[in-house]
1. From the list VAL87, VAL111, which one is over 26 Å from VAL132 (Cα atoms) and either among the β-branched types (Val, Ile, Thr) or in contact with a Lys or Arg (Cβ under 6 Å, 6 or more places away or on another chain) (or both)?
2. Could you check SER133 against (1) open to solvent by 10 Å² or more (accessible area, probe 1.4 Å); (2) among the polar types (S, T, N, Q); (3) within 30 Å of ALA48 (Cβ to Cβ) and say which number it fails?
3. Would it be correct to say that LEU49 is at pLDDT 80 or above, open to solvent by less than 60 Å² (accessible area, probe 1.4 Å) and hydrophobic (A, V, I, L, M, F, W, C)?
4. Report, by residue number, each residue of the range 13-26 that is open to solvent by less than 100 Å² (accessible area, probe 1.4 Å) and at pLDDT below 80.
Amino acid sequence: MTQQNLRQPPRGFQAWFSRAPIFFYKIGLGWVFKERFLLLTHIGRKSALPRKAVLEVVDQNAENYYIVSGFGEKSQWYKNLMYTPQVNIQIGRKEMTAQAERLPAAEALKVLRNYAEAHPKALRELSRLMGVSYDGSKEDLEKMAKILPVLALHIQKKE
């Protein structure tokens with residue numbers, strides 16, 4: 001399992017469908033996703049314009065929200081965060097600024113392990129959609145942590 005084996009991010013109608021949750025945030029219904037999803041507003045690395053993506057929160061604590069690029073380093077939002085890591089996020093009705101950082105594999109494994117324990121069925125289904133093999137084993141989770149970028153969104157405290 002390598003970056004090259006991952007599926008391509010969706011295009012066309014599939015891309016439109018995967019971007020549909022952004023509409024919920026636009027009309028003030030982001031709260032329906034509770035804290036399971038967030039709206040990420042980032043800056044395009046080529047256009048320098050704001051871009052949006054709705055992503056699953058795979059773990060969280062008081063200082064960070066953790067997200068995973070399910071299509072590896074191919075995702076446009078991931079490339080943009082590596083270029084400009086300062087982002088805005090919205091969770092429910094809360095809006096905040098954050099700094100994105102890719103975690104090393106050992107820390108990524110901890111985050112993925114927490115997700116696997118909390119949502120085992122979801123991880124199996126998502127891994128199938130991403131083109132990643134996952135049978136519930138520790139070995140597959142370790143492989144996943146090496147090829148799927150796990151990012152910490154460090155919440156910036158208001159001064």
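1. Going through VAL87, VAL111 in turn, just one is over 26 Å from VAL132 (Cα atoms) and either among the β-branched types (Val, Ile, Thr) or in contact with a Lys or Arg (Cβ under 6 Å, 6 or more places away or on another chain) (or both): VAL87.
2. Condition not satisfied by SER133: (3).
3. In short, no.
4. Across the range 13-26, the qualifying residues are ALA15, SER18, ALA20, PHE24.
The values are calculated or read from the model by the stated rules, or taken from the named source; none is laboratory data. Not measured: the values here are computed from a predicted model. Reconstructed Cβ throughout: ideal geometry from the backbone, glycine too, with neighbour counts over all protein chains shown. Accessible surface is based on the protein model in full, side chains and every heavy atom, while ligands, DNA and RNA are left aside. Shrake-Rupley method; radii C 1.70, N 1.55, O 1.52, S 1.80 Å.
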